[in-house]
Amino acid sequence: MRRRTGLAMAGVAALAWGEWLNWRWSRTLVGDHEGTSEAVVVLGYRNPQPTANVINRWRVRAGVRSVTAGRAHGNRVIFSGGAAGGRVAEAEVMAAYAKSVLGFEGTVLLEDRSATTWENITNVIPLLEDADRIKIASQPAHALKARAYLRRQRPDLAGRLVRADDYRPGEWLVGKPLLALYGLWSLRGLKPGERKVTR
């Protein structure tokens, strides 16, 4: 009985830890910059098949729901990712899913050459540098990494970063401890200032 109770408590603690860490990452290196135009960048994930896999489908949903209602002037969703895992670029696969499945009718731009997160940011900069507000949608740790890269490449744009709607309590609940572990590993190269919660 005690063993079961201990395992249950450990499981609850792991879920809470994963939830907290993903929540924290979603609020790091973002502010509350105002403006009329908005760019939402959706980062792609390796996609060997011609239709969006489960991770890209989730990232597209997070990106589409991140578009702020009422900010129609200058709004755009930028899908970013080359053909790293298949014949069709991740950007094209995600855009097709957004339009055909989610019915997204807003402005869509494609960046279809990137193979790494660093390249994602390098290649989307020309597509978003005139936006007042910039959101990056992915799993929270990955989005944080991309925000840190934008801060390194274009510090002048970093002040326009605001939260995307890529963290929701309870979403991916069981997977969040694993995402947290992977996130800790993938973020190990960030500088201390890039880990600071700003909002």
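The values are calculated or read from the model by the stated rules, or taken from the named source; none is laboratory data. Predicted model, so just to flag it, every value in this text is computed and none were measured. Cβ atoms come from the backbone with ideal geometry, glycine included; neighbour counts cover every protein chain shown. For accessibility, only protein heavy atoms count, side chains too; no ligands or nucleic acids. Shrake-Rupley method; radii C 1.70, N 1.55, O 1.52, S 1.80 Å.
Considering the range 160-192, the residues that are of a type in the set (A, V, I, L, M, F, W, C), assigned to a loop (DSSP other than H, G, I, E, B) and under 15 Å from residue 28 (Cα atoms) include one that is nearest to the chain's Cα centre (by Cα), namely 164. Looking at the range 120-130, which of its residues are touching a residue at least 24 places away in the same chain (Cβ under 8 Å) and either of a type outside the set (Val, Ile, Thr) or crowded, with 20+ Cβ neighbours inside 10 Å (or both)? Correct list: 120, 121, 123, 124, 127, 128, 129, 130.
Scan the range 89-106 for residues that are open to solvent by 50 Å² or more (accessible area, probe 1.4 Å) and either modelled with pLDDT under 95 or of a type in the set (D, E, K, R) (or both) and the total you get is 3. Of the residues making up the range 141-154, those that are in contact with an Asp or Glu (Cβ under 9 Å, 6 or more places away or on another chain) and open to solvent by less than 10 Å² (accessible area, probe 1.4 Å) are 143, 144, 147, 148. Taken as a whole, the condition of being over 27 Å from residue 88 (Cα atoms), open to solvent by 60 Å² or more (accessible area, probe 1.4 Å) and not in a loop (DSSP other than H, G, I, E, B) does not apply to residue 157. Quick one: residue 21 ticks every box in (1) under 12 Å from the mean Cα position of the chain (by Cα); (2) surrounded by 17 or more Cβ atoms within 10 Å (Cβ to Cβ) except a single one, so which number is it? Residue 21 satisfies every listed condition except (1). Suppose we keep only residues that are among the charged types (D, E, K, R) and closer than 22 Å to residue 135 by Cβ within the range 163-190. Which one would you say is most open to solvent (accessible area, probe 1.4 Å)? For the range 163-190, the residue satisfying everything is 168.
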